[in-house]
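Structure first, then comments.
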Amino acid sequence: MVYNKMSSESLRTMGLKRPSGIIAGLTAAWAIFGLFLAVDSQLSVPPGTFYKTVGIVFGVNSDYAMYVGFLLFMVTAVIISVIYNYVSKHIRTFHISSMPKGIGTGILAGVIVWGVLFLPMHYYVIQPALSGMANESNPVNLDPSVANQLIQFSDMIVIGSLALHMLFGGVMGFCSRLAVI
């Protein structure tokens, strides 16, 4: 019988390959998690309303909507971070060569995601759904008064979301830079 002796180097490189960016995306998402609860408080809506609204818009029963909305938020954060890390590895201009560049490109990525993903979702999916919820009393949806309040503060939500996306991007870029050192 012949046994192959593996070097310690080959043992270290063996294992599951994961796309870079998963940890950075999760860390950035957790970094702004509490801020969503603070925003809910400032808007005088129940804690978790952001996540619940997302879940309901995607057709989830109100009882589970907050949990599904949170899960969708985390998955989206990971996908954004994986794409960010892929671009930073394959496009020389965006290579994360320093901490300021990581944070800067991360903030840029946050602004791009805000403009390309958040704004269309807000204006063409969330707002129409909230308008429908404001005009009906359906127990599987948000309370009509909460829906009306979110509609009323729409402009403030859009501006605040830009700041949150920039913060998310900055944390993502920071964590991504730590990963490539």
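The values are calculated or read from the model by the stated rules, or taken from the named source; none is laboratory data. These figures come from a predicted structure and were not determined experimentally. In this analysis, Cβ positions are derived from the backbone assuming ideal geometry, glycine residues included, and neighbour counts consider all displayed protein chains.
Residue under question is ALA147, and the condition is that it be buried (at least 20 other Cβ atoms within 10 Å of the Cβ), of a type in the set (A, V, I, L, M) and assigned to a helix (DSSP H, G or I); does it hold? Criteria met by ALA147. Taken over segment 92-137, the criterion of being outside any helix (DSSP H, G or I) and hydrophobic (A, V, I, L, M, F, W, C) is satisfied by ILE96 alone.
Restricting attention to segment 37-53, the residues that are in contact (Cβ under 8 Å) with a residue 24 or more places away in the chain and within 19 Å of HIS122 (Cβ to Cβ) add up to 6.
Taking the listed residues LYS52, LYS89, the one that is in a helix (DSSP H, G or I) and closer than 18 Å to ASN141 by Cα is LYS52, with no other qualifying. Restricting attention to segment 163-181, the residues that are under 9 Å from ILE96 (Cα atoms) and either among the β-branched types (Val, Ile, Thr) or modelled with pLDDT under 95 (or both) total 3.
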